[in-house]
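The values are calculated or read from the model by the stated rules, or taken from the named source; none is laboratory data. Since the structure is predicted, the reported quantities are computational estimates derived from the model, not experimental observations. All Cβ positions, glycine included, derive from the backbone under ideal geometry; neighbour counts span all protein chains shown. The accessibility values were calculated without ligands, DNA or RNA, using every heavy atom of the protein model including side chains. Shrake-Rupley method; radii C 1.70, N 1.55, O 1.52, S 1.80 Å.
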Amino acid sequence: MSLLFTQVKSQVTTRQAAERYGVPVNRSGMAYCPFHDDRHPSMKIDERFYCFGCHTTGDVIDFTAKLFDLSLYDAAKKLANDFNIQPLPPGQSAPIPKLPAAVIERKEEQRVLKILIEYERLLEKWKEEFVPSDPEDENWDDRFVHAVHHLPPLSDAIDRLFSSDPDERKAIMDSIRSTDTVAKIEAILNERCQEVKNDGPEKDRAA
């Protein structure tokens, strides 16, 4: 057992394991801690890991064991199997558990938040770019009207997804899922992206 632990820790960093198991690490080596309700990236991950929020710390085996709720030995076997460190003895194949539900949900929250922020930027641009020159003119640009109507609830949803209260984040995620909001927003963003691509050559020729 000690040989397995030594080989795993000498060949796999905690950062490598975290990224493989769905815990993104930014350029500064910080990540959202998967072991507590983390509002901002508070876990430093490199060879080892340490969370400045919940003070959890350890090596790559400790990290994997806690992430998948495994014994240290099973965590070491999983790492050896996933990183092809050494052939495991017959009958000693590593367990292949699923990612914890909390980690999966946090990744989905981050994905949705990224889309909502991109949409918010687009609406802010429309609100500024297509503001009526004459407020009394009834022929307002549809994009301006859309931005004025959707920006307040959108900004509220973004603020609530940044909340430290998991129940509040769950409520907004449930609401987003029930109305298929993300798919609709992605369609608008994709349409906008296509418009930009189509307009590019025309602008180049005009220049």
- Matching residues in the range 175-185 - criterion: being more than 26 Å from ASP38 (Cβ to Cβ) and either surrounded by 14 or more Cβ atoms within 10 Å (Cβ to Cβ) or of a type outside the set (Lys, Arg) (or both): THR179, ASP180, ALA183
- Output the residue which, of all residues in the range 14-30 that are of a type in the set (S, T, N, Q) and not in a loop (DSSP other than H, G, I, E, B), is farthest from PHE68 (Cα to Cα). GLN16
- Query: Hey, any hits in the range 68-80 for a residue that's open to solvent by less than 30 Å² (accessible area, probe 1.4 Å), modelled with pLDDT under 95 and closer than 29 Å to GLU168 by Cα?
  - Reply: yes
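For the range 157-174, how many residues are polar (S, T, N, Q) and either surrounded by 13 or more Cβ atoms within 10 Å (Cβ to Cβ) or within 16 Å of ARG111 (Cβ to Cβ) (or both)?
Qualifying residue count for the region: 1.
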- Note on the structure: When the range 59-81 is checked residue by residue, the ones that are without any contact (Cβ under 8 Å) to a residue 40 or more places away in the chain, outside any helix (DSSP H, G or I) and not hydrophobic (A, V, I, L, M, F, W, C) are ASP69, SER71
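Test of understanding: among TYR21, TYR50, TYR32, which residue is open to solvent by 10 Å² or more (accessible area, probe 1.4 Å), modelled with pLDDT of 95 or more and among the hydroxyl-bearing types (Ser, Thr, Tyr)?
Only one candidate passes the filter, namely TYR50.
Filter the range 130-153 for residues that are charged (D, E, K, R) and farther than 17 Å from ILE185 by Cβ and give the result.
ASP134, GLU136, ASP137, GLU138, ASP141, listed by residue number.
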